[in-house]
Amino acid sequence: MFDEFLKKADEMVLLGESFAIATVVRYEAPSSGKPGDKAIIFADGEVWGWIGGGCAQPAVVKEALKALEDGRPRLVHISPTATEEKGIVAYNMSCHSGGTLDVYIEPVLPKPHILILGRSPVGKTLARLAKVIHYTVSVAAPEANQENNPDVDLVQPGLDLRDLKVSPHTFIVVSTQGECDEEALENALRTEAAYVAFVASKVKAAKVLEYLRERGISAERLKQVKAPAGMDIGAGSPEEIAVSILAQIIQLNRALTTKREKPGIAPAEQQQAQDPVCGMAVTVSTAKHKSEHDRKSFYFCCAGCKQKFDKQPELFVPAHASA
């Protein structure tokens, strides 16, 4: 089972997907989760593996999604008598299953991805530098091959980006040096990448951007192009230009990380309901157990809580309303 877990985690890393690993580190009977039990929580809240059922799983999923938002690991303590402690996230579990679980949750976030279009000296130097700081690097260029790009993770011959994984967190650098400049920059701007830099002089960049405006690229999208590429450090040589571009990417990536770490309302909390039986928070969109009473919907962390509610809903509705 452990080999399967490692294989699944490795698949997620290769796909560049975000996920969290939850590991049971302590338990008290009669909890069904045991030390060493592990699960992968995907970004959509789905669970692969086992860390216990009942009220434990919704609490772990909730905290895992928070971890994916702020990038920070956490230790979750789930028990019928949980109390707040420094450095520990406590959840009271009053389900019929009982028991106590301590679960360590660690987010696994994809490495920053730099996609270089072109085969210029600037692009080759940028690829080498980016690999030194453990970024993922891809190259797309006419007649590109792995032999001529030994420092990159993925090489694609040609400038068609439709088969490449490009997300809003991909950093695209167009460094074509006169070889299909317009095509490369247009393809880059038609992706979801929030960062697109063009290695060119101001005069040349202005002409290419005007051409793309006539091609239907919106003025708002064109304004997002960093041209000339990189930070203004007076760079002259291809190596210095590559350094200035990487410095700009590092700065933006750090800003994104800081923004992610700031406290706020995580998406996992935006549509939450309280289980009227045990008090656990339940994500409405993924809740598997639901009941209707007095024209209202109630959501439950497990089948046991739903069963208790359905037998005597009047016992729980007043408490739920006051909470």
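The values are calculated or read from the model by the stated rules, or taken from the named source; none is laboratory data. What you see is a predicted model; the values in this text were computed from it and never measured. Backbone-built Cβ (ideal geometry, glycine too); neighbour counts: all protein chains shown. All accessible areas refer to the heavy atoms of the entire protein, side chains included, with ligands and DNA or RNA removed. Shrake-Rupley method; radii C 1.70, N 1.55, O 1.52, S 1.80 Å.
A cut-off under 13 angstrom between Cβ atoms defines the neighbours of SER244, and their net charge, with Lys, Arg +1 and Asp, Glu -1, is -2. Working from label points 7 Å from Cα in the Cα-to-Cβ sense, the LEU75 to ALA90 distance is 1.4 nm. Under the simplified labelling scheme, the LYS296-LEU252 pair shows an inter-label distance of 4.8 nm, with each label point 7 Å from Cα along Cα→Cβ. Using just its DSSP H runs of length 4 or more, each adding -39500 (n - 2.57), the chain gives a mean residue ellipticity at 222 nm of -10500 deg cm²/dmol after division by all residues. With the cut-off at 1.5 for a/c, could you classify region 1-80 from its C-alpha gyration tensor as rounded, prolate or oblate? Taking the square roots of the gyration eigenvalues as a ≥ b ≥ c, region 1-80 is oblate.
Which GluC sites (Glu not before Pro) in region 78-163 pass both tests, a DSSP loop state and at most 12 other beta-carbon atoms within 10 Å? All intermediate terms of the calculation are to be shown ahead of the outcome.
On the way: sites: GLU84, GLU85, GLU143, GLU147; in loops: GLU84, GLU143, GLU147.
Passing sites in region 78-163 are GLU84, GLU143, GLU147.
The three principal axes of the Cα atoms in the chain give end-to-end lengths of 75, 43, 34 Å, sorted in falling order. Ligands, DNA and RNA left out, the accessible area of region 130-228 computed with a 1.4 Å probe is 49% carbon and sulfur.
Pick out which of ASP294, ASP151, ASP70 has the largest mean-square fluctuation in a Gaussian network model of the chain, springs linking Cα atoms closer than 10 Å. The residue that fluctuates most here is ASP294.
Computing FRET efficiency as 1/(1 + (r/R0)^6) for THR83 and ILE133, where r is the C-beta to C-beta distance and R0 is 30 Å, gives about 0.10.
Pop the C-beta distance of ALA29 and ARG162 into the FRET formula with R0 = 56 Å and round what comes out to the nearest 0.05. The calculated FRET efficiency here is 0.55. In whole percent, and with a 1.4 Å probe on the protein chains, what portion of the accessible area of region 29-78 is carbon and sulfur? That fraction is 52 percent. Loop only by DSSP, 13 or fewer other Cβ within 10 Å of the Cβ. Give me the GluC sites (Glu not before Pro) in region 33-75 that pass, ordered by residue number. Listed in order of number, the matching sites are GLU46. Using C-alpha pairs under 8 Å with a sequence gap of at least 6, the mean separation divided by the residue count of region 137-282 gives a relative contact order of 14 percent. Taking every alpha-carbon pair under 8 Å whose residues sit at least 6 apart, the chain reaches a relative contact order of 14 percent. Computed with a 1.4 Å probe over protein heavy atoms only, the accessible surface of region 147-297 comes to 59 Å² per residue. Are there any GluC sites (Glu not before Pro) in region 187-227 that are in a DSSP loop and have at most 15 other Cβ atoms within 10 Å? List them by number. Sites meeting the loop and neighbour criteria: GLU192. Distance between the modelled labels on GLN177 and ALA219, one decimal in nanometres: 3.5 nm (7 Å Cα→Cβ projection). Too long at a 27 Å Cα-Cα cut-off: which of LYS66/LYS111; LYS7/LYS165; LYS86/LYS111; LYS7/LYS66; LYS124/LYS207? In this structure, LYS86/LYS111 lie more than 27 Å apart at Cα. Take every pair of alpha-carbon atoms less than 8 Å apart whose residues are at least six positions apart; their mean separation over the length of region 42-176 yields a relative contact order of 19 percent. Specify the inter-centroid distance of region 161-198 and region 55-72, based on alpha-carbon positions, in whole Å. When both Cα centres are located, 34 Å separates them. With R₀ fixed at 30 Å, the C-beta to C-beta distance from ASP44 to GLU240 puts the FRET efficiency at about 0.10.
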